[in-house]
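Below is one structure; the comments refer to it alone.
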Amino acid sequence: MIETEPFELGNRPLVTFADVLRAARAAELSVTSPVSIDRRRDALIESILCFVQSRGDVVWFAGACEADHLRLRHVVGNATDGLNNLQVVHGTGITGRVFSTDATAVALDYFEDRSITHEYDVTVAAEQINRMIAAPVRAGHGLHGVITLAMRGDGTVGDRAIDRVTAAAVELGSVLDVMLSNEQLVVASVNQERRRVAAELHDGVGALLFALGAKLQGLGARLADNPELFREIQGIQQDAAAAGLALREAVEKFDSPPGAAALTTTLAEDCTSFEGRSGIGTQLMVLSHVEALDSVRQHVVVGAIREALRNVEKHSAATLVVVTVTDNPRGLSVTVNDNGAVKDRSSKGRATREGRGLCIHRSRVEQLGGTLRAGTTDDDEDSTYSFRVWIPR
């Protein structure tokens with residue numbers, strides 16, 4: 001966390017950079033919808049840009065947009081409209097170069113710097129800026145965008161300014177990663193509700209249509225000697241059958257979360273189901289953005305976590321279980337921790353008392369090159385019992 005002296009924006013003194021980030025992170029705990037996430041993200045980015053900016057400077061955040069370009073969605077201190085929503089192709093200008101190289105860059109004289117391309121010279125000249133510092137913003141499994149500080153007037157670029165931009169990029173990436181994970185929790189919650197509605201439609205409307213079809217079939221058999229009415233009933237039967245097919249197709253689509261949200265949605269449902277049947281408080285925490293898993297890996301991870309929850313239910317007097325998900329380019333980790341007693345459970349990873357189910361799931365995880373560890377966190381018998389699955393990407 002960066003602890004800096006207060007900056008000033010115009011004549012208004014601002015609190016420290018750390019204060020804003022702490023407030024932003026605390027606010028993330030109350031996110032309730034994708035819309036509020038977008039608004040919080042925009043507000044956070046603009047707050048950080050204000051702290052990076054000194055009087056007279058221009059600062060912008062260019063977010064990854066398409067496969068080959070960025071877009072300047074947030075600009076502070078600009079004098080013209082040329083920078084707003086400017087599209088920057090990867091590798092071009094200082095902003096595009098930083099995104100392509102994933103390394104901070106400094107231009108002491110933008111117009112004379114031959115290490116960068118100059119497609120945007122007219123826009124830059126209109127802002128009367130010449131010195132620039134750009135730093136990559138990393139979030140999730142890759143780059144989220146670039147923060148660029150552009151300074152007006154003659155002068156040098158000091159270490160303090162460079163540190164301010166690079167530190168802000170690191171902090172922004174960290175908070176955006178938290179936002180991405182919270183967004184997945186929101187999506188998982190929405191998908192849980194979608195599945196609940198799909199189940200109600202299947203069990204309620206589906207059963208009603210089936211019963212209607214059966215009654216029409218019986219009625220048709222009784223009216224076989226009335227051809228005109230019989231044909232009318234057959235038409236209604238066909239309509240009921242078509243409605244049933246359409247309902248099944250709709251329920252199937254409604255019940256299938258998108259790939260990137262499939263794992264968190266399934267784990268959220270498992271936590272809800274576990275809490276409902278066991279009475280043990282259960283919390284799912286997603287600490288980073290989770291990329292989609294292939295079906296084999298997801299099946300293995302979900303199966304192992306379900307085994308861990310069953311073991312908690314059978315062998316522990318726990319009152320709280322926390323399931324934690326973290327993801328990075330190297331691999332995905334899911335951990336189950338509970339506050340129950342560890343006796344009657346294996347206290348070391350491969351203790352002889354380890355159950356057959358745990359051994360089976362360990363074997364499946366290891367076949368994918370991963371690891372499964374279960375036991376106490378240290379030698380203290382009162383320590384927390386932890387179950388961790390790691391699967392390589």
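The values are calculated or read from the model by the stated rules, or taken from the named source; none is laboratory data. A quick note: this is a predicted structure, and the numbers were derived from the prediction, not measured. Cβ atoms come from the backbone with ideal geometry, glycine included; neighbour counts cover every protein chain shown. Please note that ligands, DNA and RNA were not included when accessible areas were found on the heavy atoms of the full protein model with its side chains. Shrake-Rupley method; radii C 1.70, N 1.55, O 1.52, S 1.80 Å.
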*What are the pairs, 6+ residues apart or on separate chains, where a residue within the stretch 112-124 that is under 20 Å from Gln87 (Cα atoms) has its Cβ under 7 Å from a residue that is open to solvent by 40 Å² or more (accessible area, probe 1.4 Å) and modelled with pLDDT under 95?*
Ile116/Arg97; Asp121/Phe111
*Within the stretch 314-330, how many residues are open to solvent by less than 70 Å² (accessible area, probe 1.4 Å) and among the charged types (D, E, K, R)?*
1
*Do you know which of the residues in the stretch 370-393 that are at pLDDT below 90, assigned to a loop (DSSP other than H, G, I, E, B) and of a type outside the set (Asp, Glu) is least open to solvent (accessible area, probe 1.4 Å)?*
Ser383
*Return the residue satisfying two criteria in turn: it lies in the stretch 160-173 and is farther than 19 Å from His144 by Cβ and among the aliphatic types (A, V, I, L, M), and of such residues it is surrounded by the fewest Cβ atoms within 10 Å (Cβ to Cβ).*
Ile162
*Within the set of pairs 6+ apart or on separate chains, which have a first residue in the stretch 282-307 that is surrounded by 16 or more Cβ atoms within 10 Å (Cβ to Cβ), a second that is hydrophobic (A, V, I, L, M, F, W, C) and at pLDDT below 80, and C-beta atoms under 6 Å apart?*
Val286/Leu185; His289/Leu180
